[in-house]
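Working notes for the structure below.
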Amino acid sequence: MAAYMVNNGIASGSVKQEPGTSYTQAPPKGEIPGRKAVKQEKEPPEKKPIKQEKKAVKLEEGNICKWEVTTVLAEETSITNTAARNIVSLLEESCSIPFIARYRREDTDNIDVVKLREVHDVYLDLKAVQAKANYVCKQIIKQEKLTKSVEMALAHSQSMIEVEDVYAPFKSGSKKTLAERARVLGLEPAVMGILAGQDVDIKQFMNSDKEGLQTMAKIEAGFQHLLADIINKDIEVLAFVRALYVI
């Protein structure tokens, strides 16, 4: 042991040998005799950021429609609101029409299978209308053309025809309407003020360098086009006009 320590340049007695430590063999390179080897831990591998998959965005992130399916369903099929709510709840639980007719009669006011199928069809139609209204709203928002009146018209549309009437002027490929040109000229806020009963001085829009604003006649024409467009998209007006043609 002494020869080993002298050969390695270490004076005798300068290193305290710990009990149970043997130096009959040369210590590993870099290790001082008499000291316990310190175990070097490997550095943990760098954690790669976990890539989160994007969740598919549903068509209906929020329902723009201001009406309840069960309420309209009850009105259109002449059943009670309670029966309508119960039937919708059962349908959303994937209950079949025969099952509801046979085992849930107490929840449906004893409605027979034929009537239940009618209610089911109307329910599907109403859900489709809401989905279409939400889709149309998003498309118009992308065009940056959604106004309060258009939003309200969509919110109160209860049929595909009504939704399509609102959407028609905004469909891609449709020609720019006279009302759209008037909006670009900045006349819409004044028109909305007129509809709200406010006094508007249209002379303030006179601009000899701007096409459509050079004369009072052109400004008045722009106001008229906007008024016609707003009225044409009003859901109550559309419903009234359709009622005139119902025999």
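A few points about this structure:
- Of all residues in region 148-172, those that are exposed (fewer than 15 other Cβ atoms within 10 Å of the Cβ) and closer than 20 Å to His225 by Cβ total 3.
- Among the residues of region 196-211, those identified as open to solvent by less than 90 Å² (accessible area, probe 1.4 Å) and part of a helix (DSSP H, G or I) are Ile202, Phe205.
- Some residue of region 168-188 being under 30 Å from Val72 (Cα atoms), of a type outside the set (Gly, Ala, Ser) and not in a loop (DSSP other than H, G, I, E, B): yes
- Residue in region 174-181 that is surrounded by 14 or more Cβ atoms within 10 Å (Cβ to Cβ) and touching a Leu at 6+ places or on another chain (Cβ under 6 Å) present: yes
The values are calculated or read from the model by the stated rules, or taken from the named source; none is laboratory data. All figures in this text were calculated on a predicted structure; none of them were measured in a lab. Note that we place each Cβ from the backbone using ideal geometry, even for glycine, and neighbour counts take in every protein chain shown. Note: accessible area is taken over every heavy atom of the protein model, side chains too, but ligands, DNA and RNA are not part of it. Shrake-Rupley method; radii C 1.70, N 1.55, O 1.52, S 1.80 Å.
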